[in-house]
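The next block holds one structure in the form of C-alpha cells; read it before the comments.
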Amino acid sequence: MDSIEIEGGRPLHGEVTVSGSKNATLPQIAAALLAPGRSTFRNVPDLADIRTMGRLIANMGPLVSSDRGTLSIDATDLSNPEAPYELVKTMRASVLVLGPLVARCGRARVSLPGGCAIGARPIDQHLKALQALGARIELTHGYVEAQSDGRLRGGRVLFDLPTVTGTENLLMAAALADGETVLENCAREPEVVALAEALVSMGARIEGAGSSTIHIQGVAALRPLDRAVIPDRIEAGTLLAAAAITGGDVLVRGARAVDLEAAIAKLREAGAAITEEPAGLRCKAPARLDAVDFITAPFPGFPTDLQAQLMACLSVARGASRVVETVFENRFMHVQELARMGADIAVDGHTAVVRGVERLSGAPVMATDLRASASLVLAGLRAEGKTIVQRVYHLDRGYEGLEQKLAGLGARIRRIKA
C-alpha cells in the first residue's frame with residue numbers, strides 16, 4: 001500500500017484550487033438512474049469512491065464513461081437493478097442507488113453498505129421512509145430487497161434524526177412517486193441542496209431543500225441532466241486548516257464561505273484571518289493558534305468531517321481545547337496516532353481535551369479512516385522531522401491529489417508507491 005512522506009516545518013504559501021465535491025457527485029450520479037438517456041457531470045473529482053460508484057452503476061446496465069473531470073452515464077438500459085456486495089462493501093454511499101432503483105424499476109436488491117470504521121451508520125431511516133412511500137422491504141442474506149407495485153406513493157416521512165444520505169435517497173425516490181411527499185427533519189447540508197437542484201433540472205418539483213422540511217410533488221418521468229458539481233467544502237476546509245496549522249498564507253480557490261461558516265468561525269476564534277476574495281477564501285495564520293472549544297453537529301453546525309483536521313491544528317495551539325463529537329461514536333481513532341507525534345490529548349467518551357504543545361515530532365503513523373488520514377497529513381506538515389502516513393488508500397477515497405496540492409504550496413511531501 002502507498003504511503004505519504006512529509007518533512008514538516010514549512011509554512012504554506014500560495015494558491016490552490018479545490019476539487020469538485022465527492023459527497024455531491026455521488027448522489028447526483030445515482031440520480032442519473034432515474035431517467036433514460038445520457039446524463040453528464042462536470043468538475044467530477046478523480047477519486048476511488050467515484051470510480052467505485054461508476055463500476056456499480058455500469059454493473060446494472062447503464063453505459064459509464066469518464067474523461068478528464070467529465071463523467072457520462074447513459075441509463076437507457078437498467079436491466080439489472082442490483083448492487084452486489086463486492087462493489088458496495090467499501091463505500092457506504094452505494095446505498096444511494098436504492099431510492100432511484102425502486103422509483104424507476106419497481107424493485108431493487110442492494111447489499112448492506114460498508115465504508116469507514118467510524119461508527120454505526122445504519123440505514124433504517126432510509127428503509128422506514130421507503131416503506132412510507134409504499135415499498136415492501138425485506139432484509140435477507142446481507143441484502144436489502146425492495147419492491148413496489150407500480151409507482152411509489154407520495155406520503156409523509158418524519159426522520160428520527162437528520163440523515164444526509166437518507167434525505168437524498170428519499171428525494172430521488174419521491175421525485176417519481178405518485179402524489180406529494182413531505183420530508184420532515186431533513187438534513188440541510190449543501191450537498192442535499194445540490195442534489196435537489198440537480199433533480200429540478202431533470203424536471204422534478206421540489207421546494208424547501210436546505211430547510212428541515214422538503215415538499216416533493218412527484219412527476220411521471222424525468223429527463224437526463226447536464227450539471228457541474230459544486231466545490232468540495234470538506235477539502236476546502238482541510239486546505240484552510242493546512243494553512244492554519246503551518247502559520248501560512250493560502251488562497252483556496254473555489255472555496256465558498258456559505259458552506260463553511262461554522263469552521264471559518266472557529267478558525268477565526270483561534271486567531272487565523274479568513275477573508276473572502278472573488279476567487280475563494282484566504283487563510284492567513286499566526287505562527288501558533290489559540291485554543292478553542294467546539295462541538296460537531298449536522299449542518300449548519302461544525303462538520304464532523306473537519307473535526308480531526310481542526311484537532312490536529314489545536315494540538316499545537318496555545319492552551320487547552322475541548323472537542324465534543326456528537327455525530328459518530330468512533331471518530332477519535334486519530335488521537336492515538338497524533339499522540340505518537342507528541343500531541344497531548346485525553347479522550348473521555350465523546351469528549352477530547354487537547355492540550356496544545358509547542359512542537360510535534362515526525363513519526364510513522366497509520367491512517368484509520370478518511371478524515372483521520374487528512375489530520376495526520378496536517379500534523380506532519382507542522383511536525384519537526386519526517387512523518388510517514390501509512391494506509392493512505394483511505395485518503396484517496398476523499399481527496400484528489402492532496403499531496404500534489406500541498407507540494408504546490410511549498411510543503412515537502414511526496415507519495416511513496418507500494
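Amide H contacts of T163: A187, each under 5 Å away and 5 or more positions distant or on a separate chain (H built 1.01 Å from N in the peptide plane; Pro and chain starts excluded).
Of the GluC sites (Glu not before Pro) found in the stretch 59-150, not one falls in a DSSP loop while having at most 11 other beta-carbon atoms within 10 Å. Excluding same-chain neighbours fewer than eight residues apart, the aspartates and glutamates reachable from K89 by a Cα-Cα span under 13 Å are D49.
The helix-based estimate of mean residue ellipticity at 222 nm for the chain, built from -39,500 (n - 2.57) per DSSP H run of four or more residues and divided by its residue count, is -8500 deg cm²/dmol to the nearest 500. The candidate values were [x] 39, 24, 19; [y] 32, 26, 20; [z] 38, 21, 20; the one computed from these coordinates for semi-axes √(5λ) of the Cα gyration tensor in Å carries the label [z].
The length gained by stretching the chain between E86 and D348 to full extension, at 0.36 nm per residue less their Cα-Cα distance, is 90.7 nm. DSSP bridge analysis restricted to the chain gives an antiparallel fraction near 70%, rounded to the nearest 5. Under 18 Å from a label point set 7 Å out along the Cα-to-Cβ vector of A279, the amide N atoms of the stretch 7-25 belong to 12-20. The peptide list 364-377, 255-268, put in order of mean Cβ contacts within 10 Å with the highest first, becomes 364-377, 255-268.
The gain in end-to-end length when the D178 to R414 segment is fully stretched comes to 79.6 nm, 0.36 nm per residue minus the alpha carbon separation. Taking the chain as a Gaussian network of alpha-carbon nodes connected by springs under 10 Å, the highest mean-square fluctuation of the residues A279, A174, A244 belongs to A279. Taking a straight Cα-Cα cut-off under 12 Å and skipping sequence neighbours fewer than 8 places away in the same chain, the aspartates and glutamates within cross-link reach of K417 are D2, E5. Taking the DSSP bridge list for the stretch 266-352 and keeping only pairs wholly inside it, about 70 percent are antiparallel. Relative to the longest principal axis of the Cα atoms of the chain, the long axis of helix 22-31 makes an angle of roughly 10 degrees.
A short reminder: the numbers here are calculations on the coordinates, not readings from a lab. Fair warning: this is a prediction, and the values are worked out from it, not measured in the lab. Note that we place each Cβ from the backbone using ideal geometry, even for glycine, and neighbour counts take in every protein chain shown.
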